[in-house]
Amino acid sequence: MADRIAIASDHAAFELKSALVEHLRGQGHDVLDLGPEGAQPVDYPDYGYKLASAIASGDAARGVAICGSGIGISIAVNRNPAARAALVSEPLSARLAREHNDANVIAMGARLIGIEMAKACVDTFLATPFGGDRHLRRVEKLSNPIFTKESA
């Protein structure tokens, strides 16, 4: 679905994920909650891979990935070439991730960000279009990396 937002977390971010699902659905968004279903320990790569697969398959247009720090799950999401996940901590980084990098996933750290700040990041991320133009060439290189002496 073109407008669907996928969201996934690990156990450390279960409460924040639940709050964001409620927030997004309250705004009328179609949300694909990829889990987990509770706060029992799980492995963040499993959920990062699920989210990236939803983006790659077209089941979701955008994604929100959350773990304790946001770092591990963002690495997992970025293993899939169809996903461009950016770790954000405030609305400016969320805006720039969309505008300059055409990020289709934002990652956040539940241990580092409050619920209201996370909502502000998600809202900004979803409201910001890709800037295109001068950024397009760079974003294309992210999806089709060519490792040459020039690019190193």
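Residue count for region 101-116, restricted to those that are surrounded by fewer than 17 Cβ atoms within 10 Å (Cβ to Cβ) and either under 8 Å from the mean Cα position of the chain (by Cα) or without any contact (Cβ under 8 Å) to a residue 40 or more places away in the chain (or both): 2. Taking the stated definitions as given, is Gly26 surrounded by fewer than 19 Cβ atoms within 10 Å (Cβ to Cβ), at positive phi and modelled with pLDDT of 95 or more? Here the answer is no, as Gly26 does not meet what is asked. Restricting Ile55, Ile73, Ile66 to those that are in a strand (DSSP E or B), crowded, with 19+ Cβ neighbours inside 10 Å, aliphatic (A, V, I, L, M) and at pLDDT 95 or above reduces the list to Ile66.
Is one or more of the residues making up region 80-99 out of contact with any Gly (no Cβ under 8 Å at 6 or more places or on another chain), free of Cβ contacts under 8 Å to residues at least 24 places away in the same chain and among the acidic types (Asp, Glu)? Looking through region 80-99, none of the residues is out of contact with any Gly (no Cβ under 8 Å at 6 or more places or on another chain), free of Cβ contacts under 8 Å to residues at least 24 places away in the same chain and among the acidic types (Asp, Glu).
Taking the residues in region 1-23 that are modelled with pLDDT of 95 or more, surrounded by fewer than 20 Cβ atoms within 10 Å (Cβ to Cβ) and among the charged types (D, E, K, R) as candidates, determine which candidate is nearest to Val64 (Cα to Cα). Residue satisfying both the conditions and the ranking: Arg4.
The values are calculated or read from the model by the stated rules, or taken from the named source; none is laboratory data. No experiment lies behind these values; they were computed from the predicted model shown. Here the Cβ is made from the backbone with ideal geometry for all residues, glycine too, and neighbour counts use every protein chain on show.
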